[in-house]
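The values are calculated or read from the model by the stated rules, or taken from the named source; none is laboratory data. Just so we're clear, the structure is a prediction, and the values are computed from it rather than from any experiment. Virtual Cβ from ideal backbone geometry, glycine too; neighbours counted across all protein chains shown. For accessibility, only protein heavy atoms count, side chains too; no ligands or nucleic acids. Shrake-Rupley method; radii C 1.70, N 1.55, O 1.52, S 1.80 Å.
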Amino acid sequence: MKHLEQFLGEDWQLRPAGGATGEAYIAEKGQQKIFIKRNSSPFLAVLSAEGIVPKLLWTKRLENGDVITAQEWIEGRKLNQEELNAPRVARLLRKIHRSTELMAMFKRMGNQPLLPEHVIHHAKESITSMTNEIKKATEGLHWLVDHVPVHNVSDFVVCHADVHHKNWIHYTEMGEDELYLIDWDGAQLADPVMDIAPLLFIYVPRPEWDWWLKEYGCRHTEEMDHKIRWYMVALCLENIAWYDRREMPAERGQWLYRLDKIIHNEWV
C-alpha cells in the first residue's frame, strides 16, 4: 500500500476495498473516485473493451515491479442470490464464453487448459480430513471421467471460475443499466460448464434450468447434467477444504450439505 500511496501522491486518499486478496483499493481525490487493484488480471483491457467489467482507465508498473490498474468507480450493487436466475445473467455469461478476443488474449498469455486430472489432483491435495462422504466424492470424480464424455478440450472457453452472486454488479446510474462480472483473477481455460454448474445448482430452481440454458444458448441434456454434477462435486471439495483451513465450520458445513445432496442424487 505504501508504494501505491507514493505513486498516487498526497492528494489521493487510499483505503482498502475489501475482498479475499487484499489487493484492491478505493482512491479518492476531491470529487474523483477510482478503483485501484494491484497485479490484476492481465487481460483486464479486453474485459473492459467488451463491457464485461467497468471501464479501464489506465495501467501502470510501479518501481517494485507491481502492476496496478485503475478502473472507473461505479456505484453499483451486488446481485442478490435470487437474481442469478435472470435472463441477462445467462446472456452475459454466453457473451463471455463466446468472446474470441478473450480466448485469443488468454492463449497469448500461455495459459493451459484445466483438464479433469488437474481438477481431481487439486481437489485431493486440498482435502485434509477425508470423511466417508469426501472419499466417495473423489472416487465419483474419477468414475464420471471414465464413464461419461464430460470434457472436450475443443469446446473449452475462458471461464471466470468464481461466479458467486457477489461478483455480479448491477449499475443503474445516469440513464445506464449495466451488468458486470468482476474479479477475474482466477480465470481458467476450461469447459464452460465450470461456470454454468454453480449458477444452476446454487441459484436457479431446477424447473427453470431449461429456459435458463436456452437464454445461455444451449440445450439441457443428460450430458449437461453429468457435467454439472462433476463440476459441483469438485467445487464442493475445493470449498470444504478452503473453509476447513480457515476454521469456518458453518461455511464448511454448507458445502458438505451440498456435497451430500449430490452424492445421494437429491440434487435433481
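Here are some notes:
- Between Glu10 and His226, the simple spin-label model (points 7 angstrom out along Cα→Cβ) gives 6.7 nm.
- Subtracting the Cα-Cα distance of Ser154 and Lys95 from their residue separation scaled by 0.36 nm leaves 19.4 nm.
- Approximate spin-label separation Val67-Glu83, in nm, with each point projected 7 Å along Cα-to-Cβ: 3.1
- Met103 versus Asn132: modelled label distance in nm, points set 7 Å from Cα along the beta carbon direction: 4.6
- Atom-type composition of the exposed protein surface of the chain places 48 percent of the accessible area on carbon and sulfur (1.4 angstrom probe).
- C-alpha center-to-center spacing [region 56-113, region 201-216] in angstrom: 23
- Against the chain, whose longest principal axis comes from its Cα atoms, helix 132-147 is set at around 80 degrees.
- Each Cα pair under 8 Å and six or more residues apart adds its separation to the average, and for the chain the resulting relative contact order is 18 percent.
- Farthest positive-ward along the chain dipole, Cα basis, beta-carbon charges - from Asn132, Phe201, Gly76: Gly76
- Mean Cβ neighbour count within 10 Å, used as a protection proxy, ranking 70-83, 158-171 highest first: 158-171, 70-83
- At R0 = 30 Å, FRET efficiency that the Cβ-Cβ distance of Ala45 and Asp177 yields, to 0.05: 0.80
- Helical content of the chain, expressed as a calculated mean residue ellipticity at 222 nm, amounts to -13000 deg cm²/dmol (DSSP H runs of 4 or more residues, -39,500 (n - 2.57) each, divided by residue number, nearest 500).
- Rg(Cα)/(2.2 N^0.38 Å) for region 1-116, N = residue count: 1.22
- Segment Lys124..Lys60, full-extension length gain: 19.2 nm, with 0.36 nm per residue of separation and the alpha-carbon distance subtracted.
- Label of the coordinate-derived value, Cα Rg over 2.2 N^0.38 Å, listed as [x] 1.35; [y] 0.97; [z] 1.07: [z]
- Between Lys261 and Asp185, residue separation times 0.36 nm minus the direct Cα-Cα distance comes to 24.4 nm.
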